[in-house]
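S.K.: Right, I'll just put the structure down here and ask away after.
The values are calculated or read from the model by the stated rules, or taken from the named source; none is laboratory data. Model, not experiment: these values are computed from the prediction. Here the Cβ positions follow ideal geometry from the backbone for every residue, glycine too, while neighbour counts run over all protein chains shown. Ligands, DNA and RNA are stripped out before the accessible areas are found, and what is left, the full protein with its side chains, is counted by its heavy atoms. Shrake-Rupley method; radii C 1.70, N 1.55, O 1.52, S 1.80 Å.
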Amino acid sequence: MNELLSKIPSINKILLTEELKQLLEEYPEIFVKDIVKKEVEDIKNDILMSSIKEVPSMEEIVERVSFQVKKKDRLSLRRVINATGTILHTNLGRSLLSEHVKENLTEIAFNYSNLEFNIDEKARGSRYTHLIDIIKRLTGAEDVLVVNNNAAAVLLTLNTLTKGKEIVVSRGELVEIGGAFRIPEIIKLSGGISCEIGTTNKTHLKDYENAINENTGVLLKVHTSNYKISGFTKAVTYEEVAALAHEKGLIAINDLGSGQFVDFRPYGLPYEPTVKEVLDSGMDIVTFSGDKLLGGPQAGIIVGKKKYIEEMKKNQLTRALRVDKMTIATLEATLKLYLDEKTALEEIPTLNMISASIEKLREKAEKFTEIIKKSRFVAEIIEDKAEVGGGSYPGSQLESIAVKLTHSEKTSTEIERILLSEDIPIITRIKENSIILDMRTLREKEFGIVAGSLDKI
């Protein structure tokens, strides 16, 4: 063991190799030296633990150090390629922004802007005015307020309108979203008092009626975005809740979760009401996300009656939850694409992936297999199932086309590990010891990157 330990090259000797000299020209000396020290320490520990029987060659040590230097120098938040078939993949950043957004975002981010300046009046303005007209036009709302996500939108709405009052909500709608954020906890945090009615699977209009008292402030409906209750069920409609609220002088609020402006039934998904339809039902306030089915940046959008939204704008929480100029620029540019639905379906990646036909996906698969035909992989085009994800359309799947890859020598687990270690990691699925690349989320402009990674294997 002592003989092996004595064969470990010194830190200085490693640093004097030509490869490390080149690295030291690109990276700080203390940074490279720390990684060399760590590598030498790891080799010593491996010898002491009898994990290795010989010292790695200088070439191997230098290669490991170079890999670690380049790996640790990367930014933590990095681009990846999504070939999983889950369109709104929460772990992978949800919605992709449209290329049409880039120009507006760059223009605003790298220059001064009229964020809070009214050019016509030469006076201070409000950052929220930039989004009001476009959202009112698309939804028919009286007024609009945008905050940093939908949980914030719900919190601000309830804190403004229901503090100290009871919030009547169905037990079947006590949603928990990702990260263990729960509707009952948000109600509690807002200063409201939760009044739970009905049962998990059935809530009737009379349950709302019986719960109303002198301390009731709001009738709240919450969209069950990330789960589905089926079978022996009953839910009260938006119209019924809104009508009852107005009859009793109360406010009707709907947390729609993943709001949408387009009907996706023609593309194989079940019916879900659009934001405009929910507002038309009589709801006073509707909140929804900007970064899910809308296909924009992370944001919480509040639409509805002007008198209630004006109150929210005066709430001190609004400043804490406000959006920045990049979000406003990105959201406005995304929303403008919705002025023509055909343009939105073509140019907003989320909508384009959802609406892509099986024929188009098969064409993509054929093009991809042609590109990789000289690799050592056996490629097979198969029918597959994709999903919307991001808490949208739970239990619903989209017909899809995928490319199934098998290798004569390497297992799917080994291939997955290699693809994840690439400069641009490639996220896939494994099925029946094969790598699955779903064409609904793998974009054509990424084919070359994926093919290059497969060629290395």
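S.K.: Would you mind computing the Rg to Rh ratio of the range 1-57 from its alpha-carbon coordinates, Kirkwood style for Rh? Can you show the working numbers first?
M.R.: Numbers: Rg = 12.5 Å, Rh = 12.1 Å.
Dividing the radius of gyration by the Kirkwood radius yields 1.03.
S.K.: Determine, at each q value in 0.12, 0.18, 0.25 (inverse angstroms), the log₁₀ of I(q)/I(0) that the Debye formula gives when each Cα of the range 112-182 is one equal point scatterer.
M.R.: -0.53, -0.94, -1.19
S.K.: Also, I was wondering about something else. Which aspartates and glutamates does residue 248 reach when only Cα atoms under 16 Å apart count, and residues fewer than 8 places away in its own chain are ignored?
M.R.: 166, 207, 209, 214, 239, 240, 284
S.K.: When the C-alpha atoms of the range 99-343 are aligned to their principal axes, what extent does each axis show, in angstrom, from largest down?
M.R.: Extents along the principal axes: 55, 43, 33 Å.
S.K.: Over the Cα atoms of the range 125-235, each weighted equally, I'd like the Debye log10 I(q)/I(0) at q = 0.16, 0.19, 0.20 Å⁻¹, rounded to two decimals.
M.R.: One equal scatterer on each Cα of the range 125-235 leads to -0.85, -1.07, -1.12.
S.K.: Something else about it: Can you give the longest stretch of the chain with no exposed loop site, where a site means chymotrypsin sites (Phe, Trp or Tyr not before Pro) in a DSSP loop (not H, G, I, E or B) with at most 16 other C-beta atoms within 10 Å? Display every interim value, and only then the final one.
M.R.: On the way: sites that count: 110, 112, 227, 232, 271.
The longest such stretch corresponds to 272-457.
S.K.: Mean separation of Cα pairs under 8 Å and 6+ residues apart, divided by the residue count of the chain: what relative contact order is that in percent?
M.R.: Values: 791 pairs, mean separation 88.2, N = 457.
Relative contact order here is 19 percent.
S.K.: Across the range 37-192, how many lysine pairs, 8 or more apart or on two chains, come within less than 29 Å at their alpha-carbon atoms?
M.R.: 24
S.K.: A further question follows. Output the relative contact order of the range 1-73, whole-number percent, from Cα pairs under 8 angstrom with separation of 6+ residues. Provide the component values of the computation, followed by the final result.
M.R.: Values: 45 pairs, mean separation 30.9, N = 73.
Over the range 1-73, the number comes to 42 percent.
S.K.: If you compute log10 I(q)/I(0) by the Debye sum over Cα atoms at q = 0.07, 0.10, 0.12 Å⁻¹ for the structure shown, which of [x] -0.33, -0.70, -1.02; [y] -0.43, -0.78, -1.00; [z] -0.50, -0.87, -1.07 do you land on?
M.R.: This structure yields the entry labelled [z].
S.K.: Kindly report the accessible area of the chain per residue (heavy atoms of protein chains, probe 1.4 Å, no ligands, DNA or RNA), in Å².
M.R.: Numbers: 23670 Å² over 457 residues.
Solvent-accessible surface per residue comes out at 52 Å².
S.K.: For the chain, take the longest principal axis of its alpha carbons; what is the angle in degrees between that and the long axis of helix 58-73, to the nearest 10 within 0 to 90?
M.R.: 20
S.K.: Taking the Cα atoms only, what angle lies between the long axis of helix 325-337 and the longest principal axis of the chain, rounded to 10 degrees?
M.R.: Taking Cα atoms only, the helix is inclined about 70 degrees.
S.K.: With labels modelled as points extended 7 Å from the Cα through the Cβ direction, what inter-label distance (nm, one decimal) is found for residue 201 paired with residue 409?
M.R.: The answer from the label model is 5.6 nm.
S.K.: OK, next. May I ask for the distance between the Cα centers of the range 298-340 and the range 427-456, given as a whole number of Å?
M.R.: Centre-to-centre distance over Cα atoms comes out at 37 Å.
S.K.: Roughly how many percent of the accessible protein surface of the chain is carbon and sulfur, given a 1.4 Å probe and a whole-percent answer?
M.R.: On the way: 11520 of 23670 Å².
With neighbouring chains kept in place, the figure for the chain is 49 percent.
S.K.: Where nothing but the Cβ of Lys and Arg (+1) and of Asp and Glu (-1) is charged, how large is the charge dipole of the range 39-134 around its Cα centre, in debye to the nearest 20? Mind dumping the intermediate values first?
M.R.: Working: 14 positive and 16 negative charges, 44 e Å.
Here the range 39-134 has a charge dipole of around 200 debye.
S.K.: In whole percent, what relative contact order does the range 357-441 give with Cα contacts below 8 Å and a gap of six or more residues? Intermediate values should be presented prior to the final figure.
M.R.: Numbers: 121 pairs, mean separation 25.6, N = 85.
Relative contact order of the range 357-441: 30 percent.
S.K.: Between helix 358-371 and the chain, what is the angle of the helix's C-alpha long axis to the longest principal axis, kept within 0 to 90° and rounded to the nearest 10?
M.R.: 10
S.K.: Between residue 50 and residue 370, what is the FRET efficiency for a Förster distance of 60 Å, r being their Cβ-Cβ separation, to the nearest 0.05?
M.R.: On the way: r = 50 Å, r/R0 = 0.83.
Result of the calculation: an efficiency of 0.75.
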